[in-house]
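The values are calculated or read from the model by the stated rules, or taken from the named source; none is laboratory data. Quantities reported herein were computed from a predicted structural model and do not represent experimental measurements. Virtual Cβ from ideal backbone geometry, glycine too; neighbours counted across all protein chains shown. Side chains included, ligands, DNA and RNA excluded: accessible areas come from the protein's heavy atoms. Shrake-Rupley method; radii C 1.70, N 1.55, O 1.52, S 1.80 Å.
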Amino acid sequence: MLRNRFSGAAVEEMLLPPLHFEPVGGLYKWDGLYYVNGQNAIAASRPYHGRVVRQFISPDFETWSHASTVGFVRPQQYHLLGPGRSREGEQNHEGVSVWNRGNVLLGISGIWHGAREWKDVTIDLGFVVSNDGVQFRQPAYEWTFLKRGADGEWDQGGLLQGQGFENIGGQTFVYYGAWDPRHWKGSPPRGGVGIVTLPRDRFADLRVDETTTGKGDYQMPVTTSELLTSAISRKGDGPQQFFMNAEGLGPEARLKVELLSANAVPLPDYSGKQVAVVTTSGFQTPIVWNGQTEVTGLPERYRLRVTFEGEQKTKIRFSALYVRVK
């Protein structure tokens with residue numbers, strides 16, 4: 001167990017530097033380094049107000065850095081409320097619980113709704129992502145992933161994220177706990193583990209927006225609706241397989257998928273007349289080029305371009321794209 005100065009351990013027994021750090025968030029490995037993620041001391045990081053996400057690194061899970069990074073700060077925390085007001089204002093709470101998905105980290109973080117008195121403090125759960133293992137961000141501004149229960153329910157008042165994620169069949173399971181901060185001075189026994197489920201890997205989706213804007217006769221022109229991935233490094237020399245996680249597909253709601261070079265030049269065998277077209281909804285629908293689900297001969301780095309097409313393309317809900325190496 002990772003300990004800090006308040007665990008009762010002697011300084012020479014500590015894995016982390018002797019300071020106030022609550023390693024209650026995620027523990028993960030990224031780009032060859034171990035990361036422990038948690039909550040800083042309330043006064044440990046400036047110029048941010050209150051609790052922010054903080055991380056330490058280790059190359060071997062034994063020797064940990066004295067330097068730390070600030071991994072996530074909510075926008076409201078750039079406004080300092082001053083000393084003695086540590087429980088007030090909007091803050092993060094207890095780090096980020098992290099799910100490592102290979103090239104992206106998905107995270108659940110605490111949304112602390114502060115107040116002057118404990119009886120008015122509540123906590124919900126938010127959603128963040130990271131592409132470098134260090135900096136997390138909100139893909140949707142101040143979006144609540146899971147709201148605390150109503151008074152009288154087992155998870156009333158406040159929620160706590162846990163390092164518990166699992167894909168089972170067609171569902172994603174996210175585990176969490178409860179703590180009602182409104183009873184800090186006479187808190188009832190804590191405990192209980194909850195599970196929230198959602199369709200597999202559908203934390204969010206990308207969709208076409210063709211609503212008109214402007215005044216009078218002005219309307220936004222109809223444009224091509226597409227997404228372009230960042231450059232992907234090919235893993236190994238074996239065949240690559242690609243899968244789509246999307247809903248709302250059909251003959252009039254299609255996803256056209258092309259393979260490009262790293263500098264966005266279409267690859268002849270996987271674009272143009274050889275493009276793949278996906279019309280079947282599912283959590284892992286194979287992408288087929290030229291009747292084949294296995295792709296060979298890709299450059300060391302490549303991209304994918306996905307275009308939304310069809311009269312009913314606004315019904316498409318694109319959630320994820322997977323790459324598998326055989």
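Here the Karplus relation 6.51 cos²θ - 1.76 cosθ + 1.60, evaluated at θ = phi - 60°, turns the backbone of region 91-99 into coupling constants of 9, 7, 9, 6, x, 10, 7, 10, 10 Hz, with x for every Gly and Pro. Simple point charges give the picture: +1 on the Cβ of Lys and Arg, -1 on the Cβ of Asp and Glu, and for the chain a dipole about the Cα centre of about 240 debye.
Per-residue SASA remark: His79, around 120 Å² accessible (1.4 Å probe; ligands, DNA and RNA not included).
Relative contact order (percent) for region 79-193, with alpha-carbon contacts under 8 angstrom and 6 or more residues of separation?
20 percent
Backbone amide hydrogens, once placed in the peptide plane, bring Glu90 within less than 5 Å of Gly114, excluding anything fewer than 5 places away on its chain. Debye sum, Cα scatterers, region 129-191, no solvent: what log₁₀ I/I(0) at q = 0.25 1/Å? Cα-only, vacuum Debye calculation for region 129-191: -1.12. With all projection directions averaged, the alpha carbon convex hull of the chain covers 22.0 nm². Selection among Thr172, Met244, Gly32 by position relative to the dipole of the chain gives Gly32 as farthest towards the positive end (Cβ unit charges, Cα centre). Computed in the context of the full set of protein chains, the accessible area of the chain at 1.4 Å probe radius has 51% of its extent on carbon or sulfur. The residue list Gly152, Pro47, Thr69 was ranked by how far each Cα lies along the charge dipole of the chain toward its positive end, using unit charges on Cβ atoms, and Pro47 comes out on top. Average accessible surface for region 69-182: 44 Å² per residue, computed with a 1.4 Å probe over protein heavy atoms with every protein chain in place. Over region 84-168, the Kirkwood radius and the radius of gyration, each from Cα atoms, give a ratio Rg/Rh of 1.01. Mean projected area of the Cα convex hull of region 14-170, taken over all directions, amounts to 10.7 nm². Taking every protein chain into account, the accessible area of region 267-326 amounts to 56 square angstrom per residue (probe 1.4 Å).
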